[in-house]
Amino acid sequence: MTKVGGISLAAIGMMVAGALLLSAPTEPTVKVAPMDSVGPRKVEDQTRTSIIRDYLAGWKAMNAALSQNRADLLDSAFVGKAREKLTGTIQEQQKLGIQTSYQAESHDIKVVFYSPDGLSIQLLDNVAYDVDVKEKGQSIGTSQVRTRYVTVLSPTETKWKVRIFQGGTP
């Protein structure tokens, strides 16, 4: 058995793996209300799954874009006004020399409307998340936020993208 400083390589590997697990961001808890009555159109099973998956992927894309100040990372999940507003936020962050990261703790999602033509779906999300503001890679402040987002998603060639993303009070 190979040892480094009296510790086996297997033990070192287990310690590194444990440290990575402890430092890895945890997935938020997600609660989705039944979608039985959300407008004149029935929400199909495949649509239910894809809108939630794509909406949550939007949060991950937003976090990556804001933490790296890269608007191009929004392309996978945002279009229209939502993308414009987030791009503006990134430009402001660049001017200020800061980055922000978002770690969602929970999402409580309720789909409230599905258009008759199937081209938009509106949801409300009571979300809890931590925001960490960094300057030159160093955290300068963290805060916990609980708010409600009103979101409109539209289908694209392969997935749903966030078109409107407006935060407010729960």
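The values are calculated or read from the model by the stated rules, or taken from the named source; none is laboratory data. All values derive from a computational prediction rather than experimental measurement. When we count neighbours, we look across all protein chains shown, and the Cβ atoms used for this are built from the backbone with ideal geometry, even at glycine.
Could you grab me the full set of residues in the stretch 28-43 that are at pLDDT 90 or above and among the charged types (D, E, K, R)? Within the stretch 28-43, LYS31 is the sole residue that qualifies. Of the residues SER139, SER154, SER120, the single one that is without any contact (Cβ under 8 Å) to a residue 60 or more places away in the chain, of a type in the set (Ser, Thr, Tyr), surrounded by 15 or more Cβ atoms within 10 Å (Cβ to Cβ) and touching a strand residue (DSSP E or B) at 6+ places or on another chain (Cβ under 6 Å) is SER120.
Is it true that some residue in the stretch 71-80 is surrounded by fewer than 16 Cβ atoms within 10 Å (Cβ to Cβ) and outside any loop (DSSP other than H, G, I, E, B)? The answer is yes; a qualifying residue exists. Output the residue which, of all residues in the stretch 50-70 that are among the polar types (S, T, N, Q), surrounded by 15 or more Cβ atoms within 10 Å (Cβ to Cβ) and in a helix (DSSP H, G or I), is farthest from the chain's Cα centre (by Cα). Taking the candidates together, the pick is SER50.
Residue count for the stretch 33-49, restricted to those that are out of contact with any Phe, Trp or Tyr (no Cβ under 6 Å at 6 or more places or on another chain) and either crowded, with 18+ Cβ neighbours inside 10 Å or among the basic types (Lys, Arg) (or both): 4. Taken together, THR147, THR151 contain a single residue that is among the hydroxyl-bearing types (Ser, Thr, Tyr), modelled with pLDDT of 95 or more and either more than 22 Å from GLN46 (Cα to Cα) or in contact with a Pro (Cβ under 6 Å, 6 or more places away or on another chain) (or both), which is THR147.
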